[in-house]
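Colleague: Okay, handing you the structure first.
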Amino acid sequence: MRTKTISFGVYYWGLGILLVLTLFVSARVGAVSISYDRILLFLRHALGGEAPAGGTTIEERLFMQIRLPRVLLCALTGAALAVSGTLMQGLFRNPIVEPGLVGTSSGAAFGAAFVFVMGKSLSGPWIDAAGPFLLPIFAFAGGGAATWLVYRLSNVFGKVNVTTLLLAGIAVNALAAGGTGFFSYIARDPQARSIVFWNLGTLSGADWTNTGIVAFTTLAGIGLSLRYARALNALMLGETEAGYLGIRTTRLKSSVLLLNTLMVAVATSVVGVIGFVGLVVPHILRLLKSSDHRFLIIASALLGAILLNVADMLARIIVAPSEFPIGVLTAFAGAPVFLFLLIRSGRRQQQGGFYA
């Protein structure tokens, strides 16, 4: 008797519905609780419907200018980190790789810390023209340089060695963290506080401008990622075998690393360092359904948005009315998962097989 398998579309619909429900619940939770009726009324007004009785209220401004941008930014960031994790794991052909481990996040943090401390002393036509994009530009440059360095150090004899990858990641992360610590040391008090809170991960600074920037890079990144899904599937067989199938592996590596850096660096420049989302999400989806990147990329975007919104809700509830750093929360949840995957990967290497 043949067992009927669940199609990719069913997973997409299920995750999509769960994401919408999570967004609504997340929009309601906070220091000021907003009822679902009021949320629907505010959204209808924003889309051109009738205004609430009594006109625009403080509650509506709070929802439209603070709560809604935060919820959407959180979902976009979760999607960006999860898709980035999927791309990196496919590129390195290892399930324990994520943006934080290969230096992307710490490099972006170093670039952002440089802007926090030295931004006002920078001058030039392109600096003035960059405006609000100055922080994402430097974060992108720092994240890209760190990722490229880790990849070059780990690419021993044309093959990425997992042990060398982790050691290179530790070294580059330590180097970037040292640079960030130096800028924290020489910074004035407001700048130092900004760097500290930013390194812990926070969505408190969400606004429509930041949300728009992250939305553009994330949605464009997901769309471009789908173009490389089949190539990443072929790369799972090995670089030589992928070459036989017509895949330009060198070009694929450069494109995926650039795309990964763009998504992670821009999101990190806005919300700070949030780790382990890109590690956990793809692994969950592989256990649930498939390692096919055509499925993983879309499903990772949806599940990453869901999980980070759940984490953000917990961050707002745990120490209410204050806010717990979301990066600390994801680290507490993700570190045990990483250790489990590391031990499991080590056992697979001893037994031989795909990751050996």
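Colleague: Could you give the nm distance between label points at TYR12 and ILE66, where each point is 7 Å from its Cα heading toward the beta carbon?
Modeller: According to this spin-label approximation, the distance is 3.8 nm.
Colleague: Test of understanding: express the Cα radius of gyration of the chain as a ratio to 2.2 N^0.38 Å, with N the residue count.
Modeller: The chain yields a ratio of 1.02.
Colleague: Taking the 0 to 90 degree range and rounding to the nearest ten, how far is the long axis of helix 68-92 tilted relative to the main principal axis of the chain, both from C-alpha atoms?
Modeller: 0
Colleague: Moving to a separate point now. Roll a 1.4 Å probe over the protein chains and send me the accessible area per residue for the chain in Å². Walk me through the numbers before you get to the answer.
Modeller: Working: 17290 Å² over 356 residues.
I get 49 Å² per residue for the chain.
Colleague: Helix 104-118 sits at what angle to the longest principal axis of the chain, using alpha carbons and giving 0 to 90 degrees rounded to 10?
Modeller: 50
Colleague: While we're here: Scan the stretch 1-51 for trypsin sites (Lys or Arg not before Pro) in coil per DSSP, keeping those whose Cβ has at most 14 other Cβ atoms within 10 Å, and list them by number. Show your work: numbers first, answer last.
Modeller: Numbers: sites: ARG2, LYS4, ARG28, ARG38, ARG44; in loops: ARG2, LYS4.
For trypsin sites (Lys or Arg not before Pro) across the stretch 1-51 that sit outside H, G, I, E and B with at most 14 neighbouring Cβ atoms in 10 Å, the list reads ARG2, LYS4.
Colleague: Report the relative contact order of the chain, percent, no decimals, based on alpha-carbon pairs under 8 angstrom and at least 6 residues apart. Mind showing how you got there, number by number?
Modeller: On the way: 509 pairs, mean separation 105.2, N = 356.
Reported relative contact order: 30 percent.
Colleague: About its Cα centre, how strong a charge dipole does the chain have in debye, to the nearest 20, once Lys and Arg get +1 and Asp and Glu get -1 at the Cβ?
Modeller: Values: 26 positive and 13 negative charges, 212 e Å.
So the magnitude is around 1020 debye.
Colleague: Shifting gears a bit: Counting helices only, and only those DSSP H runs with n ≥ 4, report the 222 nm mean residue ellipticity of the chain as the sum of -39,500 (n - 2.57) divided by its residues, in deg cm²/dmol to the nearest 500.
Modeller: Details: 16 runs with 261 residues, N = 356.
Estimated from H runs of four or more residues: -24500 deg cm²/dmol.
The values are calculated or read from the model by the stated rules, or taken from the named source; none is laboratory data. All figures in this text were calculated on a predicted structure; none of them were measured in a lab. Neighbour counts are summed over all protein chains in view; Cβ atoms, including those assigned to glycine, are modelled from backbone coordinates with ideal geometry. Side chains are part of the model used for accessible areas, which takes the heavy atoms of the whole protein and leaves out ligands, DNA and RNA. Shrake-Rupley method; radii C 1.70, N 1.55, O 1.52, S 1.80 Å.
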